[in-house]
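In what follows, a structure is listed as structure tokens, so that the remarks can point back to it.
The values are calculated or read from the model by the stated rules, or taken from the named source; none is laboratory data. In this text, all values refer to a predicted model and were calculated from it rather than measured experimentally. Cβ: placed from backbone, ideal geometry, glycine included. Neighbour counts: every protein chain shown.
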Ligand SMILES: *Cc1c(COP(=O)(O)O)cnc(C)c1O
């Protein structure tokens, strides 16, 4: 075996059919490659799916989250409670506007925000003074403003605990941004993710539940915010502005028609795509139950539908995850540590003075989590192969 030999199973794969290919060709053969009918169709499909008044398509999940931060009026020094156990984009969008992410540790079962801690943090941050200090980063928060928002993440496709989060934001008049970039189709107490807060965002990178290549979608019921987001994604052109008039500082966050065409067709297949991912997760769960040394993903009681984004197992405490990953890679099974904690990323440590030990549950999950190959097109044989090799790597 040489180092560049292919893996036995891909880490992830999109699930595309001739229907998607035909729609993209339709766009290629048309004169409209941006801001056309496919974007409208895709927006309508997502709005209908989650029951949102507005869906605003953008060219990445990160762009979508950034526009939520702008629409929320989050500015320099504002405090936003969020999770250190996430993909970096959920915190980066706060840094784009010089706001201060206030990390709160997570629930060990799901990796989602620990709501007991969030309740304490909100009360302390609103009280201010010494009480607030213990939640703030060591550095980079000297001239901080008020607590303005909570940015919750639905980690690995499982909804955060929204009942209590929504109560909190109502009680203290905070904004709630839902990073649902990993949870399209998930349900919390039978309600789909995306709209528990003021704004929610989905993402469509090729490993997500549906893909547009690159792309994202904001959902909201707020007319004013939706209008602002539409202007901001299009270089700050307000309704009525002509092509070279710009009412405010905006961005090019537009999705193109080829990507939107992919998304529009993928949404006609959404239930099939989610069901196939559930089937693969079930195949894994059956086999992993018999393997010593690892834990299958944990599902909270409020999760009435998990939308499988990645399949992340945890090695039992005391077992060396990195060594296991190395063995699996050598045996041509691709795996990824999921997530490396955000507060321990070099630029975060530098700006805010974070240290190892600051968020112990996040760090423990970060050391023990391992994503196995996963997609809706994986076969039962491929799952079997991964599990057999995993078993042998754990016992060798
Ligand atoms: C995928 C993802 C995003 C957005 O990613 P993009 O690559 O910008 O589309 C944001 N937050 C989380 C938690 C994600 O998993």
| the stretch 222-251, residues that are more than 16 Å from the ligand (Cβ to nearest atom), in contact with a strand residue (DSSP E or B) (Cβ under 8 Å, 6 or more places away or on another chain) and part of a helix (DSSP H, G or I) | 223, 225, 226, 230
| Going through the stretch 31-66 one residue at a time, which ones are assigned to a loop (DSSP other than H, G, I, E, B) and either in contact (Cβ under 8 Å) with a residue 24 or more places away in the chain or within 16 Å of the ligand (Cβ to nearest atom) (or both)? | 32, 33, 35, 36, 51, 52, 53, 59, 60
| request: Pick out the one residue from 74, 81 that is away from the ligand (no atom under 13 Å from the Cβ), modelled with pLDDT of 95 or more and within 14 Å of residue 342 (Cα to Cα). | output: 81
| request: Would you be able to say whether some residue in the stretch 205-215 is away from the ligand (no atom under 16 Å from the Cβ) and in contact with a helix residue (DSSP H, G or I) (Cβ under 8 Å, 6 or more places away or on another chain)? | output: no
| query | What pairs can you find where one residue is in the stretch 353-378 and free of Cβ contacts under 8 Å to residues at least 24 places away in the same chain, the other is in a helix (DSSP H, G or I) and surrounded by fewer than 22 Cβ atoms within 10 Å (Cβ to Cβ), and their Cβ atoms are less than 7 Å apart, with a gap of 6+ or different chains? | reply | 356/344; 356/363
| note | Exception for residue 15 within (1) part of a loop (DSSP other than H, G, I, E, B); (2) within 16 Å of the ligand (Cβ to nearest atom); (3) in contact with a helix residue (DSSP H, G or I) (Cβ under 7 Å, 6 or more places away or on another chain); (4) over 30 Å from residue 126 (Cα atoms) falls at (2)
| remark: Restricting attention to the stretch 84-118, the residues that are under 25 Å from residue 253 (Cα atoms) and either within 16 Å of the ligand (Cβ to nearest atom) or part of a loop (DSSP other than H, G, I, E, B) (or both) number exactly 15
| query | In the set 139, 163, 130, which member is more than 18 Å from the chain's Cα centre (by Cα), outside any helix (DSSP H, G or I) and away from the ligand (no atom under 16 Å from the Cβ)? | reply | 139
| request: Please tell me if residue 224 is surrounded by fewer than 22 Cβ atoms within 10 Å (Cβ to Cβ) and either in contact (Cβ under 8 Å) with a residue 24 or more places away in the chain or closer than 26 Å to residue 334 by Cβ (or both). | output: no
| Residue under evaluation residue 219, criteria (1) under 27 Å from residue 261 (Cα atoms); (2) within 13 Å of the ligand (Cβ to nearest atom); (3) in contact with a strand residue (DSSP E or B) (Cβ under 9 Å, 6 or more places away or on another chain), criterion not met | (2)
| remark: Note on residue 195: of the conditions (1) free of Cβ contacts under 8 Å to residues at least 40 places away in the same chain; (2) away from the ligand (no atom under 13 Å from the Cβ); (3) closer than 16 Å to residue 46 by Cβ, unmet is (1)
